[in-house]
Amino acid sequence: MTSRTVQTLDRVVIRFAGDSGDGMQLTGDRFTSETAAMGNDLSTLPNFPAEIRAPQGTLPGVSSFQLHFADHDVLTPGDAPDVLVAMNPAALKANLPDLPRGATLIANTDEFSARNLAKVGYPANPLEDGSLESWHVHPVALTSITVEALAEFGGLTRKEKERAKNMFALGLLSWMYTRPTTGTEAFLEKKFGGQPEILAANLAALRAGWNYGETTEDFASTFVVNPAPMPPGTYRNVTGNTALALGLVAASHRTGRPLVLGSYPITPASDILHALSGMKRHGVTTIQAEDEIAGIGIALGAAYGGSIGVTTTSGPGIALKSETIGLAVSLELPLVVVDIQRGGPSTGLPTKTEQADLLQVMFGRNGESPVPVLAAQTPADCFDMALEAVRVATAYRTPVVLLSDGYLANGSEPWAVPETADLPAMAVDLAAEPNATDDAGEPVFRPYLRDPATLARPWAVPGTPGLEHRIGGIEKADVTGDISYDPDNHDRMVRLRQAKVDGVVVPDLEVDDPTGEAKVLVLGWGSTYGPIAAAARVVRNAGHAVARAHLRHLNPFPANLGAVLARYDRVVVPEMNTGQLAMLLRARYLVDVRSYTSVRGLPFTTVELADAVSTTLEEVS
Amino acid sequence: MTTADLGMPVSGLQNVPPLPDDAPRQAKRDFTSDQEVRWCPGCGDYVILAAVQSFLPELGLRRENIVFVSGIGCSSRFPYYLDTYGMHSIHGRAPAIATGLATSRPDLSVWVVTGDGDALSIGGNHLIHALRRNVNMTILLFNNQIYGLTKGQYSPTSRPGTVTKSSPLGSVDSPFNPVSLALGAEATFVARAMESDRAELKEILKAAAEHRGTALVEIYQNCPIFNDGAFEVLKDRSQQEARIVRLRSGEAITVGAEDDRKVLVRQGSGVMKFIAEEQAETGEKGAVVVHDPTLDDPSQAFQLSRLDTPDMTHVPMGIFRQVARPTYDDLVRSQVDGAVTAAGGPATDEDLTALLRGRDTWTVG
């Protein structure tokens, strides 16, 4: 063993990049779990192509996973990696532009063959032509060392042995950053329990990677990143989609109503369907529908029957569900519509993130069709917002749209898991008896007689004797719910439905302004929470005052929003669209907000937002 | 014929609570809502409504456990006129909504009312998938071969050449045969009835309600405004005997009056053909086809559905297919119930906390 130094770092950003078939997402997930177990705070950003297996070794086939971990609270997956693991020339070419000079590059030399180099247009091998001299390059023959380490596994083909190279890379990085591998060993035992030779080979590759680090002299030091101080509690790492699924189940548990999901597979929402289909033990029914329209129809039918009806989709699916959302507005039944936004229009960028469905979910229906709109701000917040969506839907008998996006869906962070008893109470009242009397004094049921406080109508489910009634998408007479074409009644019903949504009680907007002297407010919504908070930290560390606030309720807005906006000389609104929230704010509050937008399919970097804020600060100083 | 006669294990109404024995007898008026019926005078829908209202008491169910879900179109106003639970939804989507309801509520008798445009055009996808899944519900498809509520355009069942507002030179669309379509979509119960034959209609409705799975009943219905007389040759007493082929389980398939009866035979090539009764007796021109809706292979039922031609020379009526196959909703519920039972009963607070924590946790402080 060679003697080497141990350096302590406060934060590290690692990016694993390889071919779609190289197992980079799995490698990243495992490194993340090990890091979470170490007690670091962290944030992750998977980035992969829409194609399941693009042609091997090509730029379109590159898949990557970035992890930012630190001894302090982490707000973003990091602007740029400190370490890039490039499994082939394509991964190097696609990711080198993001790698700052002086950063570390670990490259799998075995894949840098003339053929693979030619595939991505390298005229010469960059590992040998001196073009990478500004970076710390560690050439490692990852594939051949892995195959050599697995020589004793006679029952495996060379291809099968090569496939374990991601475990070798994981072992090497685990050694470099002093991560325990016991969690990964347990994971592999579960995954390959039925294939003992494959299991043994993967474990051997993992150990070989670790041992390679320890024995080779190529690496001058190992690194330690100490645990981050976090509030006491039990933690797990969670992606947005997992947190959202758990939130829906928790809401079902708290309301005492069964959860029924109607859903059609669509990226990046399908993982919620997968997760919930495995939670039958919690009384969860999942129905994979024949199309997006059926998905929401099934959810609405279940809601009519007294279940928590949920449909999950992405932007294209919302377009198809619009008519049924309108029906739910008219029926005034609880329904949760989850939109995991992705790049659009049309098929757009299925695996990339965007925030461009806000106006679609606000207004993309015929007629005056208001629905409450909520947006989660971090992966873990998807749990809380799923509960909130069910609360609003059931309390006000209305469809609710919950917005997330591809970044939150697949990104992950540590989550302090709540105790069930600490979750909000969510009692749901089903109508049980007549609620009025007719002219003759006989008790009758009026399906559109509203609760004066919430304007919600009764939720009277089939099977309840004496409450037989008919509902539908034709305009209904106030109170009785009978068909009505009366002009005054229609005007009244349109305004009642609007008033009900406007009256949804939402928490006030909290403003983060540590000095209380800020003249500029940065206001965001959704997954820009992390980048905005990180940018505000940069600006404040440079000695400037800036205020920051984040909307989780987009319809209705928090009651204090107008007053908050009026307090600042400038309001900057960063969005991953071309200014949709900005348009709503201008229309509603007549405030000349500054829109800062980017639609690159990737989250904002901290640096670009800090620059944008600084530019505005200069204007008001 | 009922499902019990067929030795089927479970009725479609199995989990729906019946009326208590001491409950007053239900009558048609118990299922009649207070809403004014707003179909055109002479519409066939009135006849079907009356038949359904007078049939529902025969089920012996509590009104609150019956739900009618409809789409859009003239027929889809149906739920407003029944004093049960009802939802008038959106165009074509009723089978999807009913799937969510029926799967989550086994205690309900779920009915879908739809039309030829609603079920076969805009809602075609939901219809075929409901049939293939075999969700426990009954679909009444009113076929008047025209779009009525939009004031008279040709529909997916209009005969070729039909002159309408949107086909002034005659429709060039090739129509669906709803029975053939349903059989191709793996339906387990398919029947056809005439709106005007109330006795036959009620018998089929009862068999459909008691069928466990998706039952599709096509009902020929006259639109007096935009397609009047579409089925007149079947209603005309002088012609109906020569045209209507009544399907009766266990019997030979015949058409025509006693003195001119024809019998359906299967020829060596497999082709089905009507031949004179006396010719059929020799067996030389083919084997007499005996109707058996319980055949697992849908081929014979499909062949029968093809006897129907646009000119209505021969139109089979009755139950084409009636077979037992596990229903989607039963299977879904058994998976959920099985998981809950295996875990020791409904999830407790501790069970939820364990779910939220997952396998990989760490503790701070």
>> For segment A:181-282, give me every one of the strands (runs of 3 or more DSSP E) that falls completely inside it and has 2 or more residues that are closer than 30 Å to A:L320 by Cα.
In response: A:233-239, A:259-263
> Say we look at segment A:95-119 and pick out the residues that are surrounded by 13 or more Cβ atoms within 10 Å (Cβ to Cβ) and over 22 Å from A:P81 (Cα atoms); which of these is farthest from the chain's Cα centre (by Cα)?
Replying inline: A:S113
> Restricting segment A:319-328 to residues that are without any contact (Cβ under 8 Å) to a residue 60 or more places away in the chain and surrounded by fewer than 24 Cβ atoms within 10 Å (Cβ to Cβ), which is nearest to A:R470 (Cα to Cα)?
Replying inline: A:E323
>> Checking A:P462 against (1) under 30 Å from A:N366 (Cβ atoms); (2) more than 14 Å from chain B (Cβ to nearest Cβ); (3) touching a residue at least 40 places away in the same chain (Cβ under 8 Å), only one condition comes out false. Which one?
In response: (2)
>> Residue pairs, Cβ under 6 Å, 6 or more apart or interchain, first in segment A:289-312 and under 17 Å from A:V401 (Cβ atoms), second among the hydroxyl-bearing types (S, T, Y) and part of a loop (DSSP other than H, G, I, E, B). List them.
In response: A:E292/A:Y264; A:G295/A:Y264
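Quick check on segment B:321-365: of everything there that is within 7 Å of another protein chain (Cβ to nearest Cβ), among the polar types (S, T, N, Q) and open to solvent by 70 Å² or more (accessible area, probe 1.4 Å), which residue is nearest to B:L304 (Cα to Cα)?
The first filter runs over segment B:321-365 and keeps only residues within 7 Å of another protein chain (Cβ to nearest Cβ), leaving B:332, B:335-336, B:339-340, B:343, B:346-347, B:349, B:352-353, B:355-358, B:360-365.
Still in the running and among the polar types (S, T, N, Q): B:335, B:353, B:361, B:363.
If we keep only those that are open to solvent by 70 Å² or more (accessible area, probe 1.4 Å) as well, we get B:335, B:363.
Values: B:Q335: 37, B:T363: 69 Å.
So the residue we want is B:Q335.
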>> Condition check: open to solvent by 10 Å² or more (accessible area, probe 1.4 Å), in contact with a strand residue (DSSP E or B) (Cβ under 9 Å, 6 or more places away or on another chain) and either over 21 Å from B:F55 (Cβ atoms) or in a strand (DSSP E or B) (or both). Does B:G250 satisfy that?
In response: yes
>> Quick check on my filter: what residues within segment A:125-157 are in a loop (DSSP other than H, G, I, E, B) and closer than 24 Å to A:A220 by Cα?
In response: A:P126, A:L127, A:E128, A:D129, A:G130, A:S131, A:L132, A:E133, A:S134, A:W135, A:A141
> Residues of segment B:60-80 being more than 7 Å from chain A (Cβ to nearest Cβ) and either open to solvent by less than 10 Å² (accessible area, probe 1.4 Å) or closer than 13 Å to B:W111 by Cβ (or both), which ones?
Replying inline: B:L61, B:I66, B:F68, B:V69, B:S70, B:G71, B:S75, B:S76, B:F78
> Applying the selection to segment B:122-159, what residues are open to solvent by 10 Å² or more (accessible area, probe 1.4 Å) and within 14 Å of chain A (Cβ to nearest Cβ)?
Replying inline: B:I122, B:G124, B:N125, B:I128, B:H129, B:R132, B:R133, B:N136, B:L149
> Considering only segment A:65-75, how many residues are open to solvent by 10 Å² or more (accessible area, probe 1.4 Å) and touching a strand residue (DSSP E or B) at 6+ places or on another chain (Cβ under 6 Å)?
Replying inline: 4
> What are the residues in segment B:294-320 that are in contact (Cβ under 8 Å) with a residue 12 or more places away in the chain, open to solvent by less than 60 Å² (accessible area, probe 1.4 Å) and out of contact with any helix residue (DSSP H, G or I) (no Cβ under 9 Å at 6 or more places or on another chain), if any?
Replying inline: B:Q303, B:L307
> All but one of (1) touching a Leu at 6+ places or on another chain (Cβ under 9 Å); (2) crowded, with 16+ Cβ neighbours inside 10 Å; (3) more than 25 Å from A:D357 (Cβ to Cβ) hold for A:D508; which doesn't?
Replying inline: (2)
> Can you tell me which residues in segment A:455-502 are in a loop (DSSP other than H, G, I, E, B) and loosely packed, with under 14 Cβ neighbours inside 10 Å?
Replying inline: A:P465, A:Y485, A:D486
> What about B:R212, is it open to solvent by 10 Å² or more (accessible area, probe 1.4 Å) and not polar (S, T, N, Q)?
Replying inline: yes
>> Looking for something closer than 22 Å to B:A94 by Cα, in contact with a strand residue (DSSP E or B) (Cβ under 8 Å, 6 or more places away or on another chain) and of a type outside the set (S, T, N, Q) - is there at least one such residue anywhere in segment B:154-174?
In response: yes
> Out of curiosity, is A:L449 open to solvent by 50 Å² or more (accessible area, probe 1.4 Å) and aliphatic (A, V, I, L, M)?
Replying inline: yes
> If you scan segment A:480-531, which residues turn out to be in contact (Cβ under 8 Å) with a residue 60 or more places away in the chain, more than 25 Å from B:G86 (Cα to Cα) and basic (K, R)?
Replying inline: A:K519
> Here are some residues: A:L509, A:L521, A:L496. Which one is out of contact with any strand residue (DSSP E or B) (no Cβ under 8 Å at 6 or more places or on another chain) and aliphatic (A, V, I, L, M)?
Replying inline: A:L496
> In segment B:81-98, which residues are more than 7 Å from every other protein chain (Cβ to nearest Cβ) and assigned to a loop (DSSP other than H, G, I, E, B)?
Replying inline: B:H91, B:G92
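Can you name every residue in segment A:551-583 that is open to solvent by 20 Å² or more (accessible area, probe 1.4 Å), outside any loop (DSSP other than H, G, I, E, B) and closer than 19 Å to A:D339 by Cα?
Once the filter is applied, which keeps residues that are open to solvent by 20 Å² or more (accessible area, probe 1.4 Å), outside any loop (DSSP other than H, G, I, E, B) and closer than 19 Å to A:D339 by Cα, segment A:551-583 yields A:N555, A:Q580.
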> Restricting the search to segment A:29-81, which residues are closer than 26 Å to A:K119 by Cβ and among the basic types (K, R)?
Replying inline: A:R53
>> Return the pair list, or none, for Cβ contacts closer than 9 Å from residues in segment B:99-111 that are more than 9 Å from every other protein chain (Cβ to nearest Cβ) to residues that are basic (K, R), at least 6 apart or on different chains.
In response: B:P106/B:R333
>> Just to confirm my filter: which helices (runs of 4 or more DSSP H) fall fully inside segment A:329-436 and include at least 3 residues that are open to solvent by less than 20 Å² (accessible area, probe 1.4 Å)?
In response: A:381-396, A:406-410
>> For segment B:24-48, give me each residue that is open to solvent by 10 Å² or more (accessible area, probe 1.4 Å), among the hydrophobic types (A, V, I, L, M, F, W, C) and within 24 Å of B:E210 (Cβ to Cβ).
In response: B:A27, B:V47
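The values are calculated or read from the model by the stated rules, or taken from the named source; none is laboratory data. Not measured: the values here are computed from a predicted model. Cβ coordinates were reconstructed from backbone atoms using ideal geometry, including for glycine residues, and neighbour counts include every protein chain displayed. Each accessible area value is taken on the protein alone, full model and side chains, heavy atoms only, with ligands, DNA and RNA left out. Shrake-Rupley method; radii C 1.70, N 1.55, O 1.52, S 1.80 Å.
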